[in-house]
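The structure appears right after this line, and notes come after that.
Where a number appears in this text, it was derived from the coordinates with a stated rule and is not lab data. Computed from a prediction, not measured in an experiment: that's the story for all the values here. For neighbour counting, all protein chains shown are included, and Cβ atoms are generated from backbone atoms with ideal geometry for every residue, glycine included.
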Amino acid sequence: MSDCLFCKIVAKEIPAEIVHETGRTLAFRDVNPQAPTHVLVVPKQHHPDAAALARADDGLADDVLVAAHAVAVQEGVAEGGYRVVFNTGPGAGQTVFHVHAHVLGGRPLTWPPG
Ligand code: 5GP
Ligand code: ZN
């Protein structure tokens, strides 16, 4: 999608600090980090939200989850505990409508998140 911020990051038209890439996923640091590790994992294919990703019938959601865990391991937060969050819909705080998993770690994470 030509007007999608994260499609532009996937296309490398907008710079981002990329930390992990597979054939179908890209992970880059959040520009406004909420934890020492705050990485966004996106499918390269545009889907607006997690509900749409869940309907993708080719294992793409699996790829995003596997990439999120790989990022946690790479960032050194997998053993200490980390959080994977899909804000889904404006009521949940989603602001960018290209589905993305937030991978957060490196500090104590309280629950519920608020
Ligand atoms: P959401 O609120 O949709 O769940 O998360 C969107 C995230 O994208 C926010 O945490 C925000 O900081 C991040 N973000 C917004 N614009 C950019 C950008 O241009 N580059 C990067 N790396 N992150 C962005
Ligand atoms: Zn997009």
>> Just the residues that are touching a residue at least 24 places away in the same chain (Cβ under 8 Å) and not hydroxyl-bearing (S, T, Y), please, taken from the stretch 85-100.
In response: V85, F86, G89, Q94, V96, F97, H98, V99, H100
> How do the strands (runs of 3 or more DSSP E) wholly within the stretch 1-81 filter down when requiring 1 or more residues that are free of Cβ contacts under 8 Å to residues at least 24 places away in the same chain and within 13 Å of ligand 2 (Cβ to nearest atom): which remain?
Replying inline: 25-29
> When the stretch 44-99 is examined, which residues are found to be among the polar types (S, T, N, Q) and under 19 Å from G23 (Cα atoms)?
Replying inline: Q45, Q74
> What do you reckon, is V77 more than 16 Å from I9 (Cα to Cα), surrounded by 16 or more Cβ atoms within 10 Å (Cβ to Cβ) and either hydrophobic (A, V, I, L, M, F, W, C) or under 11 Å from the mean Cα position of the chain (by Cα) (or both)?
Replying inline: yes
>> Here are the criteria: (1) among the small types (G, A, S); (2) over 15 Å from the mean Cα position of the chain (by Cα); (3) more than 16 Å from ligand 2 (Cβ to nearest atom). Tell me which single one G93 does not satisfy.
In response: (2)
> Just for the stretch 45-66: of the residues that are within 16 Å of ligand 1 (Cβ to nearest atom) and crowded, with 18+ Cβ neighbours inside 10 Å, which one is nearest to the chain's Cα centre (by Cα)?
Replying inline: V64
> How about the stretch 87-102: which of its residues are assigned to a loop (DSSP other than H, G, I, E, B) and either among the acidic types (D, E) or under 24 Å from S2 (Cβ atoms) (or both)?
Replying inline: N87, T88, G89, Q94, T95, V96, F97, H98, V99, H100
